[in-house]
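What follows is a single structure, written as structure tokens, with notes after it.
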Amino acid sequence: MAESRRIKHRKTVSYAKWAYIFIIPFFISYIIFTLVPQLLTIYNSFFENYMNGLQQIGPNFVGLANYKALLSPGQSGTIDLLKYFGNTMALWILGAVPQFLIALMLAVIFTSARLNIKGQGLAKAIIYMPNLIMASAFSMLIFALFSKVGPINKYLVASGIIEQSFDFLTVKVSVRSLIALLNFLMWFGNTTIVLMAGIMGIDQSLFESAEIDGSNSIQVFFDITLPLLMPIMSYALITSLIGGIQMFDVPQVLTNGRGTPNLTSTTVIMMLNNFLSGSKNYGRAGAVSVLLFIVTGILSTIVYRMLAKQYKD
């Protein structure tokens with residue numbers, strides 16, 4: 001009996017180690033391409049390291065001087081970093097609010113058993129298609145359409161709506177609206193599909209019970225769908241927030257990197273890019289990255305706790 005147990009024990013194979021072996025490539029790539037650059041960025045943020053013409057200044061250790069310079073008022077009397085962060089958040093909110101409202105509405109409609117919408121596969125492909133287009137290409141298209149000599153201006157003048165061409169790209173409201181429109185068009189399809197997946201994961205018996213009890217569509221949405229969708233909504237909103245804070249390509253291309261008018265569409269990442277492409281001030285750029293990382297973490301935590309409270313209560 002004891003011998004048979006020993007033989008059985010020797011024949012038992014543990015597969016637990018294979019899970020660790022399979023995730024090793026991820027950790028290796030994460031350490032090399034993400035963790036190490038992050039640590040180097042933090043390290044470089046404490047150094048003075050930039051180009052002054054053809055002369056290389058540094059690297060010289062300056063402690064928190066880069067952070068102090070970023071958080072000090074400039075010649076205009078305002079803190080540029082805060083101004084550009086305000087621009088970034090305004091542009092994100094303008095695009096995110098309609099994005100989530102329309103995505104949530106479409107997700108509920110497509111997954112409704114009462115409506116039983118046909119051709120959902122085609123609809124998903126169509127609304128997701130803008131997400132496949134490069135943001136820079138999309139921005140160039142909008143730039144060409146809304147330029148002073150573009151087809152939009154020609155149509156408005158020809159139809160008598162306006163007397164002369166309107167420069168959409170030099171007015172704060174129109175520039176921000178175009179950037180928000182681009183972000184909305186590119187991402188509402190992705191958000192719709194994510195929310196659809198969340199709704200489809202809800203136990204269908206809950207909807208059937210509500211229908212038997214005589215609940216209408218509005219009651220089902222606010223009492224069942226929305227509360228149970230909060231975990232997925234939290235994920236979608238936090239990822240959208242992170243992407244919005246890192247907004248760069250759309251305003252960069254649409255305003256030719258100038259953040260017109262009067263830097264009101266300049267984002268934090270555009271500011272960071274100016275440090276890298278202009279004076280190659282790696283220390284200042286590193287400090288911007290670190291501050292952006294901290295702010296992103298704080299805002300993401302706040303959003304998560306606010307939404308998580310809704311479905312934990």
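The table below gives the values:
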read-out	value
Contact order normalised by residue count of the chain, Cα under 8 Å, 6+ apart, percent	27
Straight-distance crosslink candidates among aspartates and glutamates, where the alpha carbon sits under 16 Å from Lys154 and sequence neighbours closer than 8 are dropped	Glu163, Asp167
Span from the the stretch 260-313 Cα centroid across to the the stretch 25-99 one, whole angstrom	8
Distance (nanometres) between label positions extended 7 Å along Cα→Cβ at Ile133 and Met51	3.5
Segment Leu263-Ile32, length gained on full extension (0.36 nm per residue, minus Cα span)	79.6 nm
Members of Lys83/Lys148; Lys148/Lys172; Lys68/Lys280 lying beyond 23 Å, as alpha-carbon distances in this model show	Lys83/Lys148
Label-reachable residues, the stretch 223-260, where backbone N falls under 16 Å from a point 7 Å from Ala197's Cα toward its Cβ	229-240
Residues Glu208, Glu163, sorted so that the one with the fewest Cβ neighbours within 10 Å comes first	Glu163, Glu208
Arg305 paired with Met105, simple spin-label distance in nm, labels 7 Å along Cα-to-beta-carbon	3.4
Mean Cβ neighbour count within 10 Å, used as a protection proxy, ranking 84-95, 16-27 highest first	84-95, 16-27
Cβ-placed point charges (K, R +1; D, E -1), dipole of the stretch 47-312 about Cα centre in debye, nearest 20	540
Entry for percent of Cα pairs over 26 Å apart (calculated from the structure that is shown) out of (1) 63; (2) 58; (3) 39	(1)
Sparsely packed trypsin sites (Lys or Arg not before Pro) within the stretch 97-150, loop by DSSP, other Cβ within 10 Å at most 16	Arg114, Lys118, Lys148
Student exercise, the stretch 65-178 dipole from Lys, Arg, Asp, Glu Cβ charges, in Debye to nearest 20	280
Normalised convex hull volume, the stretch 152-259, alpha-carbon set, Å³ per residue	153
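No lab work stands behind these numbers, since they all come straight from the coordinates. Computed from a prediction, not measured in an experiment: that's the story for all the values here. In this analysis, Cβ positions are derived from the backbone assuming ideal geometry, glycine residues included, and neighbour counts consider all displayed protein chains.
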